[in-house]
Every structure is written in structure tokens, then in C-alpha cells.
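The structure appears right after this line, and notes come after that.
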Amino acid sequence: MRKKIIAGNWKMNLTFDEGQKLTSEIVNMYKDEKIKDVIAVLNPPFPHLFPVKKLVGDTPGIFVGAQNCSDKESGAFTGEVSAKILASFGVNYVIIGHSERREYFKESNEMLAEKVKAALANGLTPIFCCGESLDIRNAGTHEPNVKFQLTDSLFNLSASDFAKVVIAYEPIWAIGTGKTATSDEAQEMHLALRRHIATKYGKDIANNISILYGGSMNAGNAADLLSKPDVDGGLIGGASLKSRDFLEIIKSY
Ligand code: PGA
């Protein structure tokens, strides 16, 4: 069964108190409104993970994710955080290959493949990000470009491992720019990716993979994007920092 997921990527934002307040508001709303069919994943910066996890507790429908993890198991890698450490206190998801990590931290497809493996080996669900730059979109080569990101980082996984991955299609030109892909552009890419997955892993697995859209999704455009048959949720940056906006997106689903 394809899951409906709305994941909030806080990026490098919010102090401790602000993070606690935001989390409490989301938890309260999930409890009050008994939302169960849409999964919320909160992805705060590392130091928030443990306190956010404590606040979320066992609230149905809410999970906690990291924004990154190391490709290494453990050892002398100052400043890094392993999937094993994250899993040891109940983190459930981890964003891997966000375009900001690819660009500013030079994370290659090869390294991302290792990160995905590390996450899966420790029972974390990777939210694997892919997406094209504006130049590539303008050149019209966005579909092969994004398909290759999947092929290169994910298609070495076994079918049972691949089935556990969540994909997030995030056109780079839409991230933090206020310029979202149209719902038709998102649908077109999501369907192309699902078909690409089917060629490698078969239709059943392809149909059951959740593919999220990310890039300036907000309370105003979410309903349209989420109405598309191959859009299974969203990865939300800016609009995940205010409970009202984040919850509006969830309710519009
Ligand atoms: P945005 O970010 O919603 O602020 O565009 C999305 C993301 O980077 O995941």
C-alpha cells in the first residue's frame, strides 16, 4: 500500500523552544482531529531529534526523521552522525540526497547509495531526494537526468530493500524559490519515475512506492499537487516551520 506522507524539512532553522512549540502544536492537532491516514514526518536539525521524539511519543501518524546521516557505520568521523545512532533512540526516517547536500557538501550518487544502505541496514526509512536544475529543465533533459539519479544510487538495492525507500522528487529550481512545479509537471515526472522503477523492480513494487513532491509546496498549492494520482505526499521546507501552514497542507490532503 502506498503511504501518504507529508514530511517537514526544517533545514537549519528553529531554536530549541521554537522546535518544541511547533512539535507540540502538530502533536495536539493529530490527537484532537484523530488524523491517521496522512503520515507526518518531522525532520528537525540533529540536536532537536531526541526532544522532538519525546514530545511525539507514540502519537499515531507522526514520525521523526533526520535530515542526513553518515555513509559510515561508526568511528573517527568528527561531526558526523550514523544511521545506527539515529536508530538507537527511535528515529524512523532519514532524508538522503537533498539537493542542498548534493550541491554544498558535494555528495555524489555513489556516496548517497552508501547512505541509503546504511539507513536501511539500521531500520530507517530513507527519503531519497532527486531533481533537476533549471538548466536541465530548460534543455528538456529532465526526465533522463532524474531517472539516472535513481538508477545510480538506488538500483543496486535488492527488491525487498528498494520497496522500503520513499522517493522525493524536488526540482531544484522550485526549492525555496516560491516557484512551484505545476501539478501536471509533477505528475508527469512522478509517473515517469514510477515507470522507470517498474522496469527494474516490476509493477507491484513501483505501484507501492510513495513518491513525494517537494519545492515551494504550501497551503495554497498543496491540494492541487496532492490531487494527482502519482503524487503521494510532500517534502515541505519553508511551510513546515509554522504549524498552521504545515497542518493546512496535511488537511488539504
Ligand atoms: P521549500 O523546500 O518547501 O522551502 O521549497 C523544500 C525542500 O527543500 O525540501
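When the charge dipole of the chain is built from unit charges on Cβ atoms (+1 for Lys and Arg, -1 for Asp and Glu) and taken about the Cα centre, the candidate among 249, 64, 130 whose Cα reaches farthest toward its positive end is 64.
What the Cβ-Cβ distance of residue 2 and residue 76 gives, at R0 = 30 Å and to the nearest 0.05, is a FRET efficiency of 0.15.
Computed over protein heavy atoms with a 1.4 Å probe, the carbon and sulfur contribution to the accessible area of the chain reaches 53%.
Ordered by 1.4 Å accessible area with all protein chains kept, 190, 142 run largest first as 142, 190. Can you give the accessible area of residue 17, probe radius 1.4 Å, in Å² rounded to 10? Here the residue's solvent-accessible area equals roughly 110 Å².
Here the Karplus relation 6.51 cos²θ - 1.76 cosθ + 1.60, evaluated at θ = phi - 60°, turns the backbone of the stretch 84-94 into coupling constants of 5, 4, 4, 5, 5, 10, x, 5, 9, 10, 8 Hz, with x for every Gly and Pro. Our coupling estimate for the stretch 54-68, obtained by passing each phi through the Karplus curve with A = 6.51, B = -1.76, C = 1.60 and θ = phi - 60°, is 5, 5, 5, x, 10, 4, x, x, 10, 10, 10, x, 8, 8, 5 Hz, Gly and Pro reported as x. A 1.4 Å probe run over the protein chains yields, for the chain, 45 Å² of accessible area per residue, whole-number rounding.
For the chain, the alpha-carbon coordinates run over 46, 44, 34 Å along the three principal axes, in decreasing order. The largest accessible area among 105, 63, 77, 162 belongs to the first residue in 105, 77, 63, 162, and the rest follow in falling order (1.4 Å probe, all chains). Taking a Cβ cut-off of under 13 Å around residue 69, the surrounding Lys, Arg, Asp and Glu residues balance to a net charge of 0, with basic ones at +1 and acidic ones at -1. Where a Cα-Cα gap under 14 Å defines reach, which aspartates and glutamates qualify for residue 117, not counting those fewer than 8 residues away within the same chain? Residue 117 reaches 71, 73, 152, 161.
For residue 21, a cut-off of 30 angstrom between C-alpha atoms picks up these lysines, skipping any fewer than 8 places away in its own chain: 3, 4, 11, 31, 34, 36, 53, 54, 84, 179, 242, 251.
The order of the peptides 192-204, 108-120, 210-222 by mean Cβ neighbours within 10 Å, most packed first, is 210-222, 108-120, 192-204. For the stretch 179-185, 3J(HN,Hα) computed residue by residue from phi via the Karplus equation (6.51, -1.76, 1.60; θ = phi - 60°) reads 9, 8, 5, 5, 5, 5, 5 Hz, glycine and proline entered as x. For residue 188 and residue 33, a Förster radius of 30 Å and the Cβ-Cβ distance give a FRET efficiency of 0.35, rounded to the nearest 0.05. Near residue 133: Cβ cut-off under 12 Å, other residues only, Lys/Arg at +1 and Asp/Glu at -1. The net charge is -2. Treating r as the C-beta distance of residue 139 and residue 163 and R0 as 45 Å, the FRET efficiency rounds to 0.85.
The listed residues 158, 240, once ranked by accessible area (1.4 Å probe) with the largest placed first, stand as 158, 240.
The values are calculated or read from the model by the stated rules, or taken from the named source; none is laboratory data. Computed from a prediction, not measured in an experiment: that's the story for all the values here. Virtual Cβ from ideal backbone geometry, glycine too; neighbours counted across all protein chains shown. Keep in mind that these areas ignore ligands, DNA and RNA; they rest on the heavy atoms of the full protein, side chains included. Shrake-Rupley method; radii C 1.70, N 1.55, O 1.52, S 1.80 Å.
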